[in-house]
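The values are calculated or read from the model by the stated rules, or taken from the named source; none is laboratory data. Everything numeric here is computed off the predicted structure, so don't read it as measured data. FYI the Cβ positions are ideal-geometry reconstructions off the backbone, even for glycines, and counts take in every protein chain you see. The area values use the complete protein model at the heavy-atom level, side chains included, leaving out ligands, DNA and RNA. Shrake-Rupley method; radii C 1.70, N 1.55, O 1.52, S 1.80 Å.
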Amino acid sequence: MSTLDTQMRQIGEDVTGVLDRLIPPVDGPRGRVVDAMRYSALSGGKRLRPFLVLATADLFDVPRERALRAGAALEMIHCYSLIHDDLPAMDDADLRRGRPSVHKQYDEATAILAGDGLLTQAFEVLADPETHPDAQVRINLVKELAIASGTAGMVGGQMIDLSDERDGLDLEGISNLQNLKTGALIAYGCQAGCLLAERSEDERKVFFNYTADLGLAFQIQDDVLDVTGTEQELGKPAGQDEDMDKATFVRILGLEGAQKKARDLSERACSFLDAYDERADALREIARFIVTRSS
Ligand code: GRG
């Protein structure tokens, strides 16, 4: 197993452990929504976003438990977004991570509440002194996550994705949509690591540049996999973009053009890390993984 595989597996296990502790099952009528939150948050996934928090925090010797809590909060937001995205009013998807999506396993109302529960709890986790003893650091973590998740980030990107203008977008328009919809949370991964380590604005910018390219490369590979992947690999039906006649990077650039663009972006992302020694290798390797992954 490669070093990256080992690190991804370890971070995945550790984040799942923290999420398991943060979202304990409860008895009584509230139990159903908590079960649905656990069904989503403990169901695996690549844990890419927590990986970025941990790998960045590690560069600056942030205590691991703090980084894991910030990574778990970020994963809560990601899971909420997947639950709501799968609802009939949005993507109407029956499968997620190879299992029935939350509204299929439970029901729509429970899925909406489970997403709301995860969204809300993420901020509770960041606001807790266990995440960082300095209140100003906690405020920064909360504020940046709110910006990345809200209308200037993920929610705004999702709105563009659902709008009538979506299908006519050109390369710049699609890039903007995806920077907001998926890029903002990916960027927050490294920003959270920097914020926990109280790094300067200038240094945070280096990581912002890295994740700007990384996030776009991730989304291009997602479009590529929609064409080249299988349902088994993806844990959801393949070919959905084509079926919905969506403007995607593959449609605009062609399959090979999109693959090349993703590789170029991944390489350029790594170039922003040149000032860091081999302790940034995890960030370099994840950038390469993102454009070669099959799920
Ligand atoms: C509902 C406000 C709201 C937003 C939804 C992120 C999002 C916005 C929707 C997800 C739709 C989607 C599948 C987009 C493609 C890129 C993406 C986010 C894929 C899933 O992320 P991975 O591959 O998933 O990191 P895992 O399962 O590995 O965690």
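None of SER81, SER101 is within 14 Å of the chain's Cα centre (by Cα), within 16 Å of the ligand (Cβ to nearest atom), among the small types (Gly, Ala, Ser) and at pLDDT 95 or above except SER81. Is one or more of the residues making up the range 227-238 among the acidic types (Asp, Glu), within 16 Å of the ligand (Cβ to nearest atom), open to solvent by 10 Å² or more (accessible area, probe 1.4 Å) and over 23 Å from ILE77 (Cβ atoms)? Within the range 227-238, one or more residues are among the acidic types (Asp, Glu), within 16 Å of the ligand (Cβ to nearest atom), open to solvent by 10 Å² or more (accessible area, probe 1.4 Å) and over 23 Å from ILE77 (Cβ atoms). Within this structure, GLY183 fails the test of being assigned to a helix (DSSP H, G or I), touching a Lys or Arg at 6+ places or on another chain (Cβ under 9 Å), within 15 Å of the ligand (Cβ to nearest atom) and modelled with pLDDT of 95 or more. For the range 26-106, the helices (runs of 4 or more DSSP H) that sit wholly inside it and include 3 or more residues that are open to solvent by 10 Å² or more (accessible area, probe 1.4 Å) and over 24 Å from LEU4 (Cβ atoms) are 31-41, 64-86, 102-105.
Of GLY215, GLY168, all but one fail to be touching a Ser or Thr at 6+ places or on another chain (Cβ under 7 Å) and touching a residue at least 12 places away in the same chain (Cβ under 8 Å); the exception is GLY215.
The set of residues in the range 182-215 that are under 17 Å from ARG284 (Cα atoms), open to solvent by less than 20 Å² (accessible area, probe 1.4 Å) and hydrophobic (A, V, I, L, M, F, W, C) comprises ILE186, ALA187, CYS190, CYS194, PHE207, LEU214. Only one entry of ALA36, ALA89, ALA73, ALA93 meets the criterion of being within 12 Å of the ligand (Cβ to nearest atom) and touching a Ser or Thr at 6+ places or on another chain (Cβ under 8 Å), and that entry is ALA93.
Among the residues of the range 140-155, at least one is over 30 Å from ARG284 (Cβ atoms), modelled with pLDDT of 95 or more and in a helix (DSSP H, G or I). Filtered by the rule that a residue be surrounded by 15 or more Cβ atoms within 10 Å (Cβ to Cβ) and more than 29 Å from SER40 (Cβ to Cβ), the range 248-266 gives ARG251, ILE252, LEU253, ALA258, GLN259, LYS261, ARG263, LEU265. In the range 157-171, the qualifying residues are those that are assigned to a helix (DSSP H, G or I) and more than 9 Å from the ligand (Cβ to nearest atom), and the one that is most open to solvent (accessible area, probe 1.4 Å) is ASP164.
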